[in-house]
1. Among the residues of region 3-13, count how many are of a type outside the set (A, V, I, L, M, F, W, C) and buried (at least 18 other Cβ atoms within 10 Å of the Cβ).
2. Quick one: residue 26 ticks every box in (1) at pLDDT 90 or above; (2) surrounded by 11 or more Cβ atoms within 10 Å (Cβ to Cβ) bar one, so which box is it?
3. Just for region 34-79: of the residues that are at pLDDT below 90, hydroxyl-bearing (Ser, Thr, Tyr) and under 13 Å from the mean Cα position of the chain (by Cα), which one is surrounded by the fewest Cβ atoms within 10 Å (Cβ to Cβ)?
4. Please enumerate the residues belonging to region 28-66 that are of a type in the set (Asp, Glu) and over 27 Å from residue 5 (Cβ atoms).
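The values are calculated or read from the model by the stated rules, or taken from the named source; none is laboratory data. All values reported here derive from a predicted model rather than from experimental measurement. FYI the Cβ positions are ideal-geometry reconstructions off the backbone, even for glycines, and counts take in every protein chain you see.
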Amino acid sequence: MAWVSGIPTLAMFGSTRSDLSTPLGKHTLLLHSSDLECGNCLLAICKYGDTRCLTRYTPEFVFEKALTLVDNSRNRVTE
């Protein structure tokens, strides 16, 4: 619900279909699996036995993206 309130929102979707669930707006960022051959599979258990759609994003990468999202949102408020 944060994104509908205009709060900077970073979402991570694994097997969820990103085309139906993407939060909208310049204050949001979605890391998703649609670029993978198995992306948007909707499977509860990965057919590869892992969670490659999520583990490919390192904590450092996600943190950096979150900081950028917050910084961009702050800049839009002050403009």
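1. So the count comes out to 2.
2. (1)
3. 55
4. The answer is 35, 37, 50, 60.
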